[in-house]
Each structure stands twice: as C-alpha cells, then as structure tokens.
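The structure appears below as structure tokens.
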Amino acid sequence: MKKILMLCVFATSFFASEAQTRKSKTKKSKKSAVTRQAGIQARFDSLQAKRQHNIDSTLTYQFRYDSVRKENERMADEKFQQEQMAWKENKYRELDSSNKTQWSALSKDHEHWLNVQKERDAVNKSANLSAYQDRQVNYINQSSFEKAKKINADTLMDDKQKKDQLVKLNGERRGSIKTIVGKSKEKKLEKARKEKKTSSDFEAQWINELDGYVKS
C-alpha cells in the first residue's frame, strides 16, 4: 500500500515537473518568435528608411539640377536678348549712317544730273531742235559714249590706236546726228559744244578730248 502511494506521489511530481518544463519552453518559444519578428520588422524599417532617404536624395539632386539648369537657361536667354538688342542697335546706327551717306550721294548725283541736263539743253537749244530731235541727239550721244568706253578699255590697243578709233567713232556720231537734224543744225550743235565745253557732262568728255587731234 505504501509503495502504491509512493508511486502516485512520484508520478504526480513527474507530470507536474514535465508540465512546468513544457510551459517554460512554450514561453521561451513565443518570446523567441516575437524577438525574430521584431528583428525582421526592424530590418524592414531600416531598408524602408534607406530607400526613402535615397528617394529624397534623388529628388533633392533633381530639384537642384533643374534649378541650376533653369537658371543657366534664363541667363543664356537674357544674354541672347541683350546681344540681339545690341546687334539691332548697331544695325540701326549703321543703317541710319548709311542712309545719310546714301541720301547725300543721291543729292549730289541729282544735282550733277541737273547740271548735265541744263548744259545739254543749252547746246541743243542753240540749234533750235524739236523735242523729237532733242531725244534722238541725246540717244546718239549716249550710245556713242558706251562705244567710246569699250575702246578706252581695250588693252590690245595703244593710246594712238585708241585715239584713231575714237576719232572714227566721233565721225560716225556726227553723221548719225546729221541724218536726224540736218547738216546745218549739226554744225550749230558742234559749235555750241566747243564753245560751252560742257564740264559736267561726262558723256561728252571723250569728244572734248578729241578737239585739235588729227588722225594720221
């Protein structure tokens, strides 16, 4: 009977100890699981923090880059505008100066042309030419002047040959004028030209230079 009681006490003690051991292991297991979970969460939070930091750094860099780029573009555009404005101002000044020079030259040309026309009218008036004869004489003189320029520009001829060719051309000119106005009026025109020696009419200079020259 005592043995049976001793066995019961021992069994009760054993199962109680076993239960306590299992309970302790369970607590430790749960604690370990919580610790692992906390570690995983901590690592996850750390990775998230690093990722966010990288994102923030990238955004900050991009913002600064965009700011610098925009500022450079603004400065480049401002410089371009200033250079363009300076270029326009220079062009306006050049144009204004050019216009003044051009108008001055045109004014002188116009004044010279008026003097030439006045001298031609005086010569033609001395022969009492009609309006038609006046136009034809001027046309013949202008055509002869163009031919005289070609002769003077001919490098294959010496001065004497050029003079001889110009004398021949002048004879043709006078002959054409005689056909239009008649011999009498042509002589009056020639006399008036020699007397007036039209200094302004450059188209008549080659004829004036032939006065006194005799073709050999």
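Taken together, the values in this text are just the output of simple stated rules run on the coordinates, not laboratory data. All values reported here derive from a predicted model rather than from experimental measurement. Cβ: placed from backbone, ideal geometry, glycine included. Neighbour counts: every protein chain shown.
Here the range 105-128 and the range 144-179 have alpha carbon centers that stand 23 Å from each other.
The length gained on full extension between Y132 and E83, counted as 0.36 nm times the residue separation minus their Cα-Cα distance, comes to 11.7 nm. Remark: spin-label model distance K194-H53 equals 11.5 nm, labels positioned 7 Å along the Cα→Cβ axis.
The calculated FRET efficiency for the pair N208 and N99, based on their C-beta separation and a Förster distance of 45 Å, comes to about 0.80. With R₀ fixed at 30 Å, the C-beta to C-beta distance from S46 to R69 puts the FRET efficiency at about 0.30.
Would you mind getting me the FRET efficiency between E111 and S184? Use the beta-carbon distance for r and R0 = 35 Å, nearest 0.05. That gives a FRET efficiency of 0.55.
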